[in-house]
Structure formats: C-alpha cells, structure tokens
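Visitor: Supplied in structure tokens, the structure appears directly below.
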Amino acid sequence: MRQDIELLAAFDDHGQGGNPAGVWIGAVLPPAAEMAAMARDVGFSETAFAAPEGEGWRVRYFSPASEVPFCGHATIALGAALARRHGAGRFALTLNAAAISVEGRQDGARMQAALQSPPTRSRPAPPALVDAALALFGYGHADLDPRLPPACIHAGADHLFLALSSRAALAAMTYALDPGRALMDAHGLVTIVLAWSEHNNLFHSRNAFASGGVLEDPATGAATAALAGYLRDLGWPHGGRIEIVQGEDMGMRSLITAEFGNDIGGPIRVSGTARML
C-alpha cells in the first residue's frame, strides 16, 4: 500500500515551499497499525488516509509518532487529490471526532483547496503552562505581545498560542525536541503556535510540533483555524479574514488564508494552493 501514497505540498507560495503531506485514498481504511507504519515511512509531519463512507469520506491522520485528530495541511492536500480524481467539488469528511468538508479544484498544474474546520474555542492559558513554554523556547514575558494574551486554542485539535512582540523574536525560535514533546504531551497539546502580527490581518507564524515527532511545521491549517477562532473570541479587528505567512524561517515559505464570520465557535474557512511533489 505504501506505493499508493500521493505526495503533495499544501499552502505553497506560487509553486515553492508549502508543507509536504502524504495522501492515501482507497476502498477501505487499513488497520491503524498499518497506517501508522506508512506515515512513519513517508516521514512527513502528517499523512491523510481516506476511504468512501456514505455520501462522503472517512479520514484519519497520522504523524510519524502519533495519530492526530485533525490536520489542516493534509486536508488541503486531500482536497486537491480528490479533485484530481473526481473533478472539482465539495467533499464531506468524517474525522474521529468531527464532521468537516473540503473543496478542491484543479486549474492546469495549479490546485486549490479550502476546508471548513471543526468548531473553535479558546480560553486563557494557565500561567504555569505559559511559564513552562517560555522557558522551553528561551523567551521571557517581555517577548510577548500584550495585545494578544497567551491562550489555549482549539479547532479540532488543541494548541497553545503565544504572540511575540517582534519579528526578530519569532525568527529566533529554537527548542529541544524531547522536552518539547514532554511538555505538549503533559498538557494534551498537538502544537505550540508562535506568531507575530505585522498588522491586524497579517500574521507571521511558526509552529512547534514535537508531539508528532516533528520539530517544526512549515504550514499548519488546523492551528490557523484555531488562531482565527481565538481572534474572533478576543474581538480582534480581523475584518473577517487573516493571512498567515509560515515556514519562512525554514526556507519553506507558505501562505494560508482564513476567512470567518462573527459567530463565536463557528467553523473557519482555511484555504490555499497545493502542488505535487
């Protein structure tokens, strides 16, 4: 089955960068152990597995180290792969704990996809967790942007969000994988999102994914959806849309768009392009 995995980069920047993902599409999902083994062999931060179920698709996501409840960039890659096979359209997806959808279309070599995330929620981050995370990355409280308090954010998966006060602080992000995994596992976090606001609608972000055995992801749609939900909860002047630049410090610049209304907890539309690898 490993040879059946398609390799795509999601949220690329005009044919460059993006976050690599594996996509497996078959008649029936393999056993969990087999999917986990295939994801380890692929070695990307996530591989999406999809099989027909009812009027839509049953989907599971695996990183090299664990199963993930929801992965945005792999969903974008899956939307592009489904559009290549079945033509442009909207595809209903059933995840382990949520029902979402993804749209995909292909225009020549260019593929575009947009997902509707699971519901969102956010809450202030416990001070002890914030202190532990700052220590992990070597930051102090003075490195934080006071306009955007640290928060636990969710859109199908749990993340810690830390807003930094400067682009230089974001560029300096570094941490050790094993302590990062221990911290994330202890608090049930899939990732830790670090971001700097260039202006109200443009954020530069980095995403630590030690829980999945990956030091950093160059593009993270699930975390973008969770961040958009947090900004809405906070009353940030978002104007219904934010842009995320991610992966730039890794040499894998990625572009993510999130669009959303004012209904607290409602899903977020996350969109971008994809390319074959």
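The values are calculated or read from the model by the stated rules, or taken from the named source; none is laboratory data. Just so you know, these numbers come straight off a predicted model, no measurement behind them. In this analysis, Cβ positions are derived from the backbone assuming ideal geometry, glycine residues included, and neighbour counts consider all displayed protein chains. We work out accessible area using only protein heavy atoms, side chains counted, and drop any ligands, DNA or RNA first. Shrake-Rupley method; radii C 1.70, N 1.55, O 1.52, S 1.80 Å.
Visitor: Which residue pairs have Cβ atoms closer than 8 Å, lie 6 or more positions apart in sequence or on different chains, and pair a first residue in the stretch 156-185 that is touching a residue at least 12 places away in the same chain (Cβ under 8 Å) and among the polar types (S, T, N, Q) with a second residue that is assigned to a helix (DSSP H, G or I) and open to solvent by 20 Å² or more (accessible area, probe 1.4 Å)?
Guide: Sorted first by the residue in the stretch 156-185, then by its partner, the pairs are Ser165/Ala142; Ser165/Asp143; Ser166/Asp143.
Visitor: Another question, then. Scan the stretch 191-202 and tell me whether some residue there is at pLDDT 95 or above and more than 15 Å from Val245 (Cα to Cα).
Guide: Yes, there is a match, as at least one residue in the stretch 191-202 is at pLDDT 95 or above and more than 15 Å from Val245 (Cα to Cα).
Visitor: List every residue pair whose Cβ atoms sit under 6 Å apart, with the two residues 6 or more apart in sequence or on different chains, where the first one lies in the stretch 12-24 and is over 9 Å from Thr273 (Cα atoms) and without any contact (Cβ under 8 Å) to a residue 60 or more places away in the chain and the second, anywhere, is crowded, with 19+ Cβ neighbours inside 10 Å and among the charged types (D, E, K, R).
Guide: These pairs meet every condition: Ala21/Glu46; Val23/Glu6.
Visitor: Could you tell me how many of the residues in the stretch 131-170 are in a loop (DSSP other than H, G, I, E, B), at pLDDT 95 or above and closer than 22 Å to Arg181 by Cβ?
Guide: 4
Visitor: Would you mind stating whether Ala195 is aliphatic (A, V, I, L, M), closer than 22 Å to Asp131 by Cα, in contact (Cβ under 8 Å) with a residue 12 or more places away in the chain and part of a helix (DSSP H, G or I)?
Guide: no
Visitor: So which pairs qualify, if the first residue must be in the stretch 119-144 and without any contact (Cβ under 8 Å) to a residue 24 or more places away in the chain, the second must be hydroxyl-bearing (Ser, Thr, Tyr) and open to solvent by 40 Å² or more (accessible area, probe 1.4 Å), the Cβ gap must be under 7 Å, and the two must be at least 6 apart or on different chains?
Guide: Here the result reads Leu144/Ser165, each pair linking the stretch 119-144 to a residue that is hydroxyl-bearing (Ser, Thr, Tyr) and open to solvent by 40 Å² or more (accessible area, probe 1.4 Å).
Visitor: So, one more: Quick check, is Ala65 outside any helix (DSSP H, G or I) and under 22 Å from Ile268 (Cα atoms)?
Guide: Criteria not met by Ala65.
Visitor: Specify which of the listed residues (Ala65, Ala37) is closer than 21 Å to Asp158 by Cα, hydrophobic (A, V, I, L, M, F, W, C) and open to solvent by 10 Å² or more (accessible area, probe 1.4 Å).
Guide: Ala65
Visitor: When residues of the stretch 83-101 are filtered for being in a loop (DSSP other than H, G, I, E, B), under 19 Å from Gly272 (Cα atoms) and open to solvent by less than 60 Å² (accessible area, probe 1.4 Å), how many remain?
Guide: Matching residues across the stretch 83-101 total 1.
Visitor: So, in the stretch 217-264, how many residues would count as being within 12 Å of His154 (Cα to Cα) and open to solvent by 20 Å² or more (accessible area, probe 1.4 Å)?
Guide: Looking only at that region, the number is 1.
Visitor: Moving to a separate point now. Identify all residues within the stretch 102-124 that are crowded, with 19+ Cβ neighbours inside 10 Å and of a type in the set (Gly, Ala, Ser); write none if there are none.
Guide: Within the stretch 102-124, Gly104, Ala113, Ala114, Ser117, Ser122 meet the criteria.
Results for (1) without any contact (Cβ under 8 Å) to a residue 40 or more places away in the chain; (2) more than 20 Å from Ala274 (Cβ to Cβ); (3) not in a strand (DSSP E or B), shown as yes or no for each residue.
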{"site": "Ala9", "(1), (2), (3)": "no, no, no"}
{"site": "Pro52", "(1), (2), (3)": "yes, yes, no"}
{"site": "Arg58", "(1), (2), (3)": "yes, yes, no"}
{"site": "Tyr61", "(1), (2), (3)": "yes, no, no"}
{"site": "Ile76", "(1), (2), (3)": "no, no, yes"}
{"site": "Ala81", "(1), (2), (3)": "no, no, yes"}
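Visitor: Here is a further query. Taking the condition of being open to solvent by 40 Å² or more (accessible area, probe 1.4 Å) and over 12 Å from the mean Cα position of the chain (by Cα), how many residues in the stretch 149-165 meet it?
Guide: 2
Visitor: Among the residues of the stretch 106-130, which ones are part of a strand (DSSP E or B) and under 20 Å from the mean Cα position of the chain (by Cα)?
Guide: Across the stretch 106-130, the qualifying residues are Met111, Gln112, Ala113, Ala114, Leu115, Gln116, Arg121, Ser122, Arg123.
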